[in-house]
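First comes the structure, then the notes that go with it.
The values are calculated or read from the model by the stated rules, or taken from the named source; none is laboratory data. Not measured: the values here are computed from a predicted model. Glycine gets a Cβ as well: all are built from the backbone with ideal geometry, and neighbour counts include every protein chain shown. Surface accessibility is based on the protein's heavy atoms, side chains included, excluding ligands, DNA and RNA. Shrake-Rupley method; radii C 1.70, N 1.55, O 1.52, S 1.80 Å.
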Amino acid sequence: MCGIVGYTGPREAYPVIVKGLKRLEYRGYDSSGVALLDGGGLNVYKKKGKVADLEEDVIGKDLHGHIGIGHTRWATHGEPSDRNAHPHQSKSGKLAMIHNGIIENYAQLKRDLLSKGYTFKSDTDTEVLLNFIEDIRNNNNCTLEEALRIALKRIVGAYCILLISDDDPETILAARKGSPLVIGIGKGEHFLASDASPIIEYTKEVVYVNDYEIAIVRPDELILKNLGNEKQTPFITRLDMDLAAIEKGGYDHFMLKEIHEQPDTIFDCLRGRLLTQSGQIMMGGIEANLDAFVNAPRIIVVACGTSWHAGLVAEYMIEELCRIPVEVEYASEFRYRNPVIHKGDVIIAISQSGETADTLVALESAKEKGAFIFGVVNAVGSSIARLSHAGAYTHSGPEIGVASTKAFTGQLAVLTMMALKIGYAKGTIDKERYLQLMTDLETVPEKVKEILADTGNIQRIAEKYKDASDFLFLGRGYNFPVALEGALKLKEISYIHAEGYPAAEMKHGPIALVDDTLPVVFVATKDSYYEKIVSNVQEIKARKGRVLAVATAGDEVIPGMSDDVMLVPEADEVIAPLLSVIPLQLLSYYVGLAKGLDVDKPRNLAKSVTVE
Ligand code: G6P
């Protein structure tokens, strides 16, 4: 969380930075700011609210400068406010810094600095770190780079920082540990950002900075060093992304665009991998480690949020198709409870951003314990992708809307192919079922297209139920994680309290909530649990609950019992989540829209959670 942008070169820095911050707003949007530097000194502007509020605030101010840094914040230390917004300035006023991450030992550092007479204008850990750096420079009479290096060795926590100094109006000092940093290499100019989206329109050549590296960035020069002051060779990567992919392309919101992209993104994910003609699934990362998977005594899935829901679907698939026991862990719990990891256990890490701090740290400790880590990641070159021993990208393209949609179906597509490939290699599914599921998977993009061809019905349902204060989402088997995902989407986008539950478990508690005001969404497609879920619908109707159902086209029973229905094409139950989640994504989008909310940037959330 928090987005950072920096520029040094011949252009005016401000427009480059503000445009970049808007692309990074998905990372946080409670306040933003810029620091601009030229011969004439340092100008810092910051404002509570979105980047647009900052833009309004700086009208008429001096925005000149060929070097600058900018930040869009997701608050950790200190409430969202003008004074807690970044950049922060040091006591002397000569240094300005932005930071993404958390300095865990900031309280001790702050006490030390207070005792030396420092005062603080904000409640942030960032201002503490900045003054700590300045204090080291003053005491040691050293360069700013040296002071930064000393400070970084003494802090605990995660950071990506950009630092500029009034004394050196060409150089940006940058460093990272645990929070991402990409540097774009232009001709006589450099761009720095939390991800490549602010950079892509200027250059496709980038360097992903590694943990514990410091970058000294000038218009004509990029020097990378480790904390031991040894030069590192920058590894230049060519971005495989175009500008259109990160713009709205005629849709009102990124979320809607990303929902509608799913026929293409799922197709892209399957392309070149799912070869139904020859009956092969080509996945290099699995192929190279097939023995590890086939012989795994256990698979542990580690993820957060929507990715965790994809992990739950994977549990059903892998246990059924590969007969390998699977545990699905919240990364934040897994990392702290000293989990038992046996030799041979395989960890599947699922992450859209590849930067989620809890997932990253959980994987680091599992890796230290000798686990084999397989990443299912969307963001190419991200920290989790690089930390994994092997992996498979979901190829869903940049996901900007804070609520995850196309990344989820991309994850499901990859996980389904993995389960099929491993199960077939292991001999736990026969050829007929293997080929049948491959064929079914291949039809998913077309079936998603069918669902998306008529969204009017879902929009009408959203209008009808938008004022409900609570929702219950129920599903069984493969559709249980879909119910959880439907509830999460609705909470995120509409701020309506929603709970996801296994449909059979509902009689052990949530059924007490049911009355004629409670909408209950059943994910009730035709599968091996169908008869059971029909009974669950009856239990809700008997208590006058209002039933909304995701049902299979052609089914007459569930629609006949429901107040409102969202239909999806028929599919094998293993594949069904790829379809049944689509109406729920649309439902939450349209409820949020009907309530007049900012669906792309829901309050308090951030897309990439790079703090614990
Ligand atoms: C945040 C996002 C969610 C996402 C979760 C995990 O909470 O708002 O949409 O599912 O992080 O993110 P990851 O990038 O690891 O999939």
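List of remarks:
- Mean ellipticity per residue at 222 nm, deg cm²/dmol - from DSSP H runs of n ≥ 4 across the chain, formula -39500 (n - 2.57): -11000 deg cm²/dmol
- Applying a DSSP loop filter and a limit of 13 other Cβ atoms within 10 Å to the GluC sites (Glu not before Pro) in the range 89-169 leaves Glu104.
- Placed amide H near Ala75: partners under 5 Å, 5+ positions off or other chain: Asp30
- Beta bridges assigned by DSSP with both partners in the chain are antiparallel in approximately 60 percent of cases.
- Near Phe473, once Lys and Arg are set to +1 and Asp and Glu to -1 for all other residues with Cβ below 9 Å from its Cβ, the sum equals -2.
- Volume in Å³ per residue [convex hull over Cα atoms, computed for the chain]: 156 Å³
- Note on Asp57: accessible area is roughly 50 Å² with a 1.4 Å probe, heavy atoms of protein only.
- Compared with the direct C-alpha span, the chain from Asp123 to Thr517 gains 137.4 nm at full extension, assuming 0.36 nm per residue.
- Phi-derived couplings, Karplus 6.51 cos²θ - 1.76 cosθ + 1.60 at θ = phi - 60°, listed residue by residue for the range 292-301: 4, 6, 4, 9, 4, x, 7, 10, 10, 9 Hz, with x used for Gly and Pro.
- Inter-part distance where the range 30-47 and the range 574-612 are each reduced to a Cα centre, Å: 34 Å
- Average projection area in nm² (convex hull over Cα atoms of the range 1-143, one quarter of hull surface): 8.5 nm²
- Most simply put, the range 158-255 has about 95% antiparallel DSSP beta bridges, counting only bridges with both residues inside it.
- Between the listed residues Leu567, Tyr501, Thr409, the Cα displaced farthest toward the positive end of the dipole of the chain, a dipole computed from Cβ unit charges relative to the Cα centre, is found at Tyr501.
- Listed by chain and number, the aspartates and glutamates placed with their C-alpha closer than 14 angstrom to that of Lys343 are Asp291, Glu368; residues fewer than eight positions away on the same chain are left out.
- Peptides 23-33, 519-529 ordered by packing proxy, namely the average of other Cβ atoms within 10 Å per residue, highest first: 23-33, 519-529.
- In order through the range 445-454: 3J(HN,Hα) via Karplus (6.51 cos²θ - 1.76 cosθ + 1.60), integer Hz, x for Gly, Pro: x, 5, 5, 5, 4, 4, 5, 6, 5, 9
- Amide H contacts of Glu329: Val301, Val302, Ala303, each under 5 Å away and 5 or more positions distant or on a separate chain (H built 1.01 Å from N in the peptide plane; Pro and chain starts excluded).
- ³J(HN,Hα) computed for each position of the range 583-591 - Karplus, 6.51 cos²θ - 1.76 cosθ + 1.60, integer Hz, glycine/proline x: x, 6, 4, 5, 4, 5, 4, 6, 5
- Length-normalised contact order of the range 321-415 in % [C-alpha pairs under 8 Å, at least 6 apart]: 23 percent
- Nonlocal amide H pairs with Val565, under 5 Å, H built at 1.01 Å: Ala549
- Separation of the alpha carbons by more than 18 angstrom is noted, of Lys187/Lys231; Lys204/Lys257; Lys369/Lys607; Lys507/Lys544; Lys466/Lys489; Lys22/Lys47, for Lys187/Lys231; Lys204/Lys257; Lys369/Lys607.
- Rg to Rh quotient for the range 377-520, alpha carbon positions, Kirkwood Rh: 1.03
- Most to least packed among 457-465, 207-215, 68-76 [average Cβ atoms within 10 Å]: 68-76, 207-215, 457-465
- Here the scattering of the range 1-81 is modelled by Debye summation over its C-alpha atoms, one equal scatterer each and no solvent; at q = 0.13, 0.25 Å⁻¹ the log10 of I(q)/I(0) is -0.35, -1.15.
- Pairwise centroid distance, computed over Cα atoms, of the range 142-159 with the range 72-132, Å: 14 Å
- The range 206-260 and the range 535-550 have Cα centres separated by 49 Å.
- Normalised per residue, the volume of the convex hull around the Cα set of the range 220-368 (Å³): 209 Å³
- Hits among aspartates and glutamates - C-alpha to C-alpha of Lys110 under 12 Å, sequence gap 8 or more where chains match: Asp123, Asp125, Glu127, Asp135
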